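Worksheet: one structure, shown below.
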Amino acid sequence: MSKQTQILKILEKNARATIEEIAVLAGITYDEAAAIISEMEDRKIIFGYKALIDWDKTEEENVSAFIELKVRPQLGDGFDSVAKKIMYEYPNVKSISLMSGGFDLLVEIDGNNMKDVALFVAEHLSPMDCILSTTTHFVLRRYKKDGIILEDKSKDERRMTL
Amino acid sequence: MSNSFNPDKFLSPVVKDIPPSGIRKFFDIVNQIEGAISLGVGEPDFATPWHIRTAAVEALKQGHTYYTSNWGLIELRKAIADNVHKKYGVEYNPEDEILVTVGGSEAVDICIRALVGPGDEVLLPEPAFVCYKPCVEMSRGKVITITTKMEDNFKLTKEALLEKITDKTKLLVLSYPNNPTGAIMTYEDLKEIYEVIKDRDIMVLSDEIYDELNYSGKSASIIQFPGMKDRTIVVNGFSKAYAMTGWRLGYAYGNSEIMSMLTKIHQYAIMSSPTISQYAAIEAVKYGDEDIVKMREEYNMRRRYLVHELNEMGLECFEPLGAFYVFPSIKSTGMTSEQFCEELLKDQKLALVPGNAFGESGEGHVRISYAYSLENLKIALGRIKAFLEKIRKD
Ligand SMILES: Cc1ncc(COP(=O)(O)O)c(C=O)c1O
């Protein structure tokens, strides 16, 4: 594994790891680690650092939904212009991806409640000319997110056997 | 018949004389202390990889619930033979040179029982894992300790070996990568040992259970040297490499005549190793290489972190290149290993294993296992640091 990949894996698990720590874990010097990280930041391989939040545990009212969109591709640029329009126009859109398979774009959005989200789809997405159909899926429960198992209750059952 | 039953008088003196395990003694206390954490255990923190568990479930569903051949499933022995050949370029016949056992533990036991008789001398480099000595004593053999030292990175040296070899030496135990020190023997290190033993009538028991957890990038085995295939019994297993401790599966390989004697003992004492575990192990050997790499990389990061932090704290720590243990010196504190561990447990509720549990030469050291997540290691190191600050102030 390259040092670059190794550092990415460390940061993927803990974005707050310091450069000193990263250097020790990867077995390189402080300066080497600092250089690799800043290069990856410049190249936008690392494009942000953020906290992983389980919003369900907060007081905030919050729902998430995945919306499948079937889209009529546009002459010349396929799905890009539709994706960009949705992405720039609506800040509540958390992610948007072009998919293979039974539909085209997958849009992830957050809202205060189900009605909010349903209205957003009805008022903003469905009416767009090139959108042929929408299917909205609400997230009921998250078991694992960003590689982390939520509500992991397994405890260390190892003992000294010898 | 007398009413007062005296169990003591029925016990074999050989068994009675064997002291209880020094690791164990200490840890019976740990479970009773609220909030105590431990860096004591000697097994991976990872669960067995999912595809290996699935293979076991499939085997169960298909009704593979019978004994296997005494030697173990031939498909598993073939896979082991392929793997050994791939790693060390030495060929073993799966028919009569490889035996599947109940953990490396059984393999060590029956190997010693098959080879060691009354009065035979067994050379044991220490600090060492705790099972060899009692096994030799139960065979009424004599353990001759060879002390390995931190300044030699706890490797066995030619000089130390020559000092202890006699006409009665029957067996040399090589246990590298080593528990508890984390020491490894490179090809060049082993060559020196080979030069000493090649013209002498000595067998080798090579416990290579940690061979996949070698961070130097290259594993070596004594079997790679001319003539050593016949004179070595290798012990290995699935516990450490594939995180399969609970499956109780290991193996031994060596000269067919000797292996058939090991198998005779195995046949009478065990019959055959657990069948479902053997099916899981086939999947592990054939398709588990990537899992090993992933786990090894994770261990390696923790290893670097521990060595760095311990040295920063002033607990001198040579760089261990194998297994999942570091073995820092605590001599600078002026305490014995046991005092250090007892006080640390009392004061900071952190349990480590005192080095003297692995032989007298482990005195002045403690064993720290890094089969724990980085988060846990950080918490534990914080406690060691707090402890050191406190005793250095006093
Ligand atoms: C050096 C060494 N050999 C053998 C074993 C036995 O392992 P198992 O019986 O689980 O294969 C261990 C376990 O801790 C060990 O550390």
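Data overview
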{"read-out": "Fraction of the pair-distance distribution of the protein assembly as shown above 36 Å, Cα-Cα pairs, percent", "value": "47 percent"}
{"read-out": "Dipole magnitude of chain B, debye to nearest 20 (Cβ charges: Lys/Arg +1, Asp/Glu -1, about Cα centre)", "value": "520 debye"}
{"read-out": "Equivalent ellipsoid, chain A (semi-axes from 5 times Cα gyration tensor eigenvalues, Å)", "value": "38, 24, 14"}
{"read-out": "Debye-sum result for segment A:55-141 in log10 I(q)/I(0), which assumes one identical scatterer on each alpha carbon, at q = 0.11, 0.16, 0.25, 0.27 Å⁻¹", "value": "-0.30, -0.60, -1.34, -1.53"}
{"read-out": "Semi-axis lengths (Å, descending) of the ellipsoid that matches the C-alpha gyration tensor of segment B:1-103", "value": "38, 25, 19"}
{"read-out": "Per residue accessible area of chain B, 1.4 Å probe, in Å²", "value": "44 Å²"}
{"read-out": "Folded to 0 to 90 degrees: helix B:50-61 orientation relative to chain B principal axis, Cα", "value": "40 degrees"}
{"read-out": "Helix B:289-312 vs. chain B, principal-axis angle (Cα, 0 to 90°, nearest 10)", "value": "30 degrees"}
{"read-out": "Rounded to whole Hz, the Karplus (6.51, -1.76, 1.60) HN-Hα couplings of segment A:116-129, x for glycine and proline", "value": "3, 5, 4, 5, 4, 5, 5, 8, 10, 7, 3, x, 4, 3"}
{"read-out": "Using alpha-carbon coordinates, inclination of helix A:30-42 to the longest axis of chain A, degrees", "value": "10 degrees"}
{"read-out": "Area of B:V102 that stays accessible when all protein chains are in place (1.4 Å probe, Å², to 10)", "value": "40 Å²"}
{"read-out": "Per residue accessible area of segment A:55-141, 1.4 Å probe, in Å²", "value": "64 Å²"}
{"read-out": "Kirkwood-Stokes translational diffusion coefficient of segment B:63-286, alpha-carbon pairs, 20 °C, 1.002 mPa s, µm²/s", "value": "123 µm²/s"}
{"read-out": "Local net charge near A:S133, Cβ-Cβ under 15 Å (Lys/Arg +1, Asp/Glu -1)", "value": "-1"}
{"read-out": "Reduction of at least 30 Å² in accessible surface, 1.4 Å probe, comparing all protein chains with the chain by itself, residues of segment A:1-42", "value": "A:M1, A:K13, A:E21, A:V24, A:L25"}
{"read-out": "Drop in accessible area of at least 10 Å² in the complex versus isolated chain, residues of segment A:133-162, 1.4 Å probe", "value": "A:D156, A:R158, A:R159, A:M160, A:T161, A:L162"}
{"read-out": "Rg/Rh for segment B:57-101, where both radii come from Cα atoms and Rh is the Kirkwood radius", "value": "1.08"}
{"read-out": "Percent of beta bridges antiparallel (DSSP, the protein assembly as shown, rounded to nearest 5)", "value": "65 percent"}
{"read-out": "Magnitude of the charge dipole, the protein assembly as shown, Cβ model with Lys/Arg +1 and Asp/Glu -1, debye to 20", "value": "900 debye"}
{"read-out": "Cross-link pairs A:K70/A:K94; A:K70/A:K145; B:K170/B:K191; A:K57/B:K390 - those with Cα-Cα distance over 28 Å", "value": "A:K57/B:K390"}
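The values are calculated or read from the model by the stated rules, or taken from the named source; none is laboratory data. Model, not experiment: these values are computed from the prediction. So basically every Cβ, Gly included, is an ideal-geometry build from the backbone, and we count neighbours across all protein chains shown. Quick note on the areas: whole protein, heavy atoms, side chains included, nothing else; ligands and nucleic acids left out. Shrake-Rupley method; radii C 1.70, N 1.55, O 1.52, S 1.80 Å.
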